[in-house]
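Participant: Below you will find the structure I want to go over with you.
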């Protein structure tokens, strides 16, 4: 994570007049979650309250075999997606329904109580009105500053689908 993103976010938090969000984008494996983890640490050092969820990879022998979902407020973590069913099929993974409920609750709760709320990540399900779509909508209509992680190819569709009028893009290459 660059100091530039932290500086921009802090300035934006202090002078924010309109609802907006930060969009961290990049391709699979680009480092979106790692950048968000670093940003969370930096924000906490600045005494900014953070919440929401991050979904780090589960890697075995250099291959991604799944993802966990980590609640930034409670510190709770649970399996999110894996290679085996049951679950909602997205690509080669199966997303656990209970994990979606867990993540949605974490995002909605943080939307009410935190200054900055992370969602890792917004993708195909949310664009179809499923997955974390309701939690994302709640967040975007809250006073919290949303930080949304997504693939580059989804940015314009997410902006349009969720009627995001203003955002700060932060592409990860």
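The values are calculated or read from the model by the stated rules, or taken from the named source; none is laboratory data. Remember, predicted model here, so these are calculated numbers, not experimental data. All Cβ positions, even for glycine, are placed from backbone atoms using ideal geometry, and neighbour counts span all protein chains on display.
Participant: Residues that are at pLDDT below 95, at positive phi and out of contact with any strand residue (DSSP E or B) (no Cβ under 6 Å at 6 or more places or on another chain): does the stretch 90-112 have at least one?
Facilitator: yes
Participant: So, in the stretch 1-11, of the ones that are surrounded by fewer than 16 Cβ atoms within 10 Å (Cβ to Cβ) and in contact with a helix residue (DSSP H, G or I) (Cβ under 9 Å, 6 or more places away or on another chain), which residue ends up modelled with the highest pLDDT?
Facilitator: In this case the residue turns out to be 10.
Participant: What's the number of the only condition in (1) within 24 Å of residue 101 (Cα to Cα); (2) free of Cβ contacts under 8 Å to residues at least 24 places away in the same chain that residue 71 fails to meet?
Facilitator: (2)
Participant: Here's another thing I want to ask about it. Please indicate, with yes or no, whether at least one residue in the stretch 127-135 is out of contact with any helix residue (DSSP H, G or I) (no Cβ under 8 Å at 6 or more places or on another chain), part of a loop (DSSP other than H, G, I, E, B), in contact (Cβ under 8 Å) with a residue 12 or more places away in the chain and surrounded by 20 or more Cβ atoms within 10 Å (Cβ to Cβ).
Facilitator: Checked against the condition, which is being out of contact with any helix residue (DSSP H, G or I) (no Cβ under 8 Å at 6 or more places or on another chain), part of a loop (DSSP other than H, G, I, E, B), in contact (Cβ under 8 Å) with a residue 12 or more places away in the chain and surrounded by 20 or more Cβ atoms within 10 Å (Cβ to Cβ), the stretch 127-135 yields no hits at all.
Participant: Search the stretch 140-169 for residues being part of a loop (DSSP other than H, G, I, E, B) and exposed (fewer than 15 other Cβ atoms within 10 Å of the Cβ), and hand back the single one that is modelled with the lowest pLDDT.
Facilitator: Ranking the candidates gives 166 first.
Participant: Pick out, from the stretch 12-125, the strands (runs of 3 or more DSSP E) lying fully within it that include 3 or more residues that are buried (at least 20 other Cβ atoms within 10 Å of the Cβ).
Facilitator: Passing ranges, in order: 21-25, 50-54, 63-71, 116-120.
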